[in-house]
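The values are calculated or read from the model by the stated rules, or taken from the named source; none is laboratory data. Note that the structure is predicted; figures quoted are calculated from it, not measured. When we count neighbours, we look across all protein chains shown, and the Cβ atoms used for this are built from the backbone with ideal geometry, even at glycine. All accessible areas refer to the heavy atoms of the entire protein, side chains included, with ligands and DNA or RNA removed. Shrake-Rupley method; radii C 1.70, N 1.55, O 1.52, S 1.80 Å.
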Amino acid sequence: MKPGIPKGTRDFSPAEMIRRNHVFDVIKVVFRKFGFEEIETPSMENLSTLEGKYGEEGDKLLFRILNSGPVIDQIREKQDSIRQSDITEKGLRYDLTVPFARYVVMHQNEITFPFRRYQIQPVWRADRPQKGRYREFYQCDADVIGSTSLFNEVELIRIIDEVFRTLIIGITIKLNNRKILAGIAEVIEAPDKLIDITVALDKLDKIGQDKVNEELISKGISQKAIDKIQPLLLLHGSNAEKLEALKKFLQGSQIGMKGIEEMELIFNILKKIDPDFKLPELDISLARGLNYYTGAIIEVKTHDKRSSFTSSICGGGRYDDLTGIFGLPNVSGVGISFGADRICDVLDEVNGYPDFSGGTTRILFVNFGMDEAMHCLRIVNQLRDDGIAAELYPDAAKMKKQMSYADAKKIPYVALIGMDEMTRGEIAIKNMKSGEQSIVSLNELLHILK
RNA sequence: GUGAUUGUAGCUCAGUUGGUUAGAGCGCCUGAUUGUGGUUCAGGAGGUCGUGGGUUCGAGCCCCAUCAUUCACCCCA
């Protein structure tokens, strides 16, 4: 049969893994530096955990896992009486936030709050793949749960800044607040249309003012409300200017004013701890489809001209009651999620990876036959004990073949120990880059490779 | 779920209005060089042209179906 892998999934070869690990390592180091602790959760969750948390669209994108057992046969016999739970009751995780909320509720008695956790694992979405969109991809999440302080939002923004500064990717952080969006819906007297309004606003950059209005009409929002909303679509200028205009607009809305207050506080704290910090950009068209956000909404995009990426490479926000669904109310959390795969794609486009040209193995021992190989293996072990990656070519193949292997694997040194070297207790080593060859002792070899 | 796109060697791709035996570059293997890779030279292997059907004297090329790919919409990391 012809081998293949499912749509939207990928194999990662050694060269790619080196690059991917670089991204994961940078993110991990920053997470730890900010005091976050790592957890993992299962790839699959009960459907009851996942369903209804990601909106209508999200439910459709859940990968459901077929129950094991004789169900399949039974389906063929009695199609009518089948319930969904007979067929499937588990699904692959769609993100890391909802499983985390579930984890927090289940482990509430062992957790010290506020809990700063990070989690780096794959998630699955039954989306149709396209540029930067995969059906299996890694999220790198950092969340603080059990604290309503806006210092947490500030910390997360600083994490974003540090990660992308380390990776050398130019970014724009966009910030919005669900309370401002709720305030807008309140002011135009269409509070039940909040989701429709935010989704339409999210497209402002992409499709423009007229099309947004068309979409609002099609969603059944009154002309009067749409007229009222127009000044918001024209919002521009600095954060301060936007905030002034919003304050005017949201005067009558308590929740809206609360959102503005939060936003201002975040900006002020950021400015105070570092006057040079490039502040996030206030963007009311930023909605984030996820239903559970209640406060700050964060999104990050590259602005590197060499990258054609327009989708977000990091996103997040505050959720006031995600644990409530699982029976633990009044625990607020806020988190961000780095899209590692998209970050890798951006780095590929801008050629932004450091030089990884040196291979993993530092020295290859040429195999001249049984006796020589045994002798080499003892030296190899001594090198390994000193933490040096070394290998012996497994077969007594032709020199050319063994040298080509070292070359292909970019191994910097090759050791040649034939009968002569063996009896004299010498090691002939060749520097593969310069081509120079020399005779050394084991101690000298250790010194060179250290 | 909707709309397009592309499918030819391991990889990237050429292939004329339908016309003999389907090509190139890179990679791979062998030798020049039995203890020396990366350079050079000589040679070699490798293809059910995505799959199934149809039109035709004749199909890589045209038609239909199907699968896969990539991209856009929806939505999202």
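The table that follows gives values for the structure above.
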| read-out | value |
| --- | --- |
| For A:Tyr138, distant residues with modelled amide H under 5 Å away | A:Val123, A:Ala340, A:Asp341 |
| Carbon + sulfur, % of accessible area of segment A:363-449 - ligands and nucleic acids excluded, 1.4 Å | 51 percent |
| C-alpha long axis of helix A:151-167 to longest principal axis of chain A, angle in ° | 40 degrees |
| GNM top mover of A:Leu92, A:Leu216, A:Leu66 - chain A, alpha-carbon springs below 10 Å | A:Leu66 |
| Angle between chain A longest axis and helix A:254-273 axis [Cα atoms, degrees, rounded to 10] | 40 degrees |
| Spacing of the two label points (7 Å from each Cα toward its C-beta) at A:Glu244 and A:Thr148, in nm | 3.1 nm |
| Fluctuation leader among A:Ile217, A:Ile429, A:Ile343 - chain A, Gaussian network, Cα springs under 10 angstrom | A:Ile429 |
| Value of [θ]222 nm, deg cm²/dmol, for chain A, DSSP H segments ≥ 4, -39500 (n - 2.57) each, nearest 500 | -13000 deg cm²/dmol |
| By average C-beta atoms within 10 angstrom, highest first, the peptides A:434-441, A:360-367 | A:360-367, A:434-441 |
| Of all accessible heavy-atom area on segment A:14-350, the percent that carbon and sulfur account for (1.4 Å) | 50 percent |
| J(HN,Hα) series, segment A:6-19, from Karplus relation 6.51 cos²θ - 1.76 cosθ + 1.60, nearest Hz, glycine and proline x | x, 3, x, 10, 9, 8, 10, 7, x, 4, 6, 5, 4, 5 |
| Per residue solvent-accessible surface (Å²) - chain A, probe of 1.4 Å | 51 Å² |
| Chain A: most fluctuating residue of A:Gly170, A:Gly317, A:Gly369 per GNM, C-alpha cutoff 10 Å | A:Gly369 |
| 3J(HN,Hα) from dihedral phi, segment A:436-450, Karplus parametrisation 6.51/-1.76/1.60, rounded to Hz, x for glycine, proline | 6, 10, 8, 9, 9, 8, 4, 4, 5, 4, 4, 5, 5, 7, 5 |
| Coil-residue trypsin sites (Lys or Arg not before Pro) of segment A:80-110, DSSP, other Cβ within 10 Å capped at 11 | A:Arg83 |
| Pairwise centroid distance, computed over Cα atoms, of segment A:1-34 with segment A:336-376, Å | 13 Å |
| Calculated FRET efficiency for the pair A:Met419/A:Asp276, C-beta based, R₀ 56 Å, to 0.05 | 0.25 |
| For segment A:120-126, 3J(HN,Hα) per residue [Karplus equation, 6.51 cos²θ - 1.76 cosθ + 1.60, θ = phi - 60°, Hz, x = Gly/Pro] | 10, 8, x, 10, 10, 9, 7 |
| Length released on extending from A:Thr112 to A:Leu234, taking residue separation times 0.36 nm less the Cα-Cα span | 39.4 nm |
| Cα shape, segment A:363-449, gyration tensor, a/c 1.5 rule | rounded |
| Part-to-part distance (alpha-carbon centres) for segment A:214-279 and segment A:119-158, which is given in Å | 25 Å |
| Out-of-range pairs (alpha-carbon distance over 32 Å; input A:Lys305/A:Lys430; A:Lys248/A:Lys305; A:Lys28/A:Lys131) | A:Lys305/A:Lys430; A:Lys248/A:Lys305 |
| DSSP-assigned coil residues among trypsin sites (Lys or Arg not before Pro) in segment A:231-284, each with at most 12 further Cβ atoms within 10 Å | A:Lys278 |
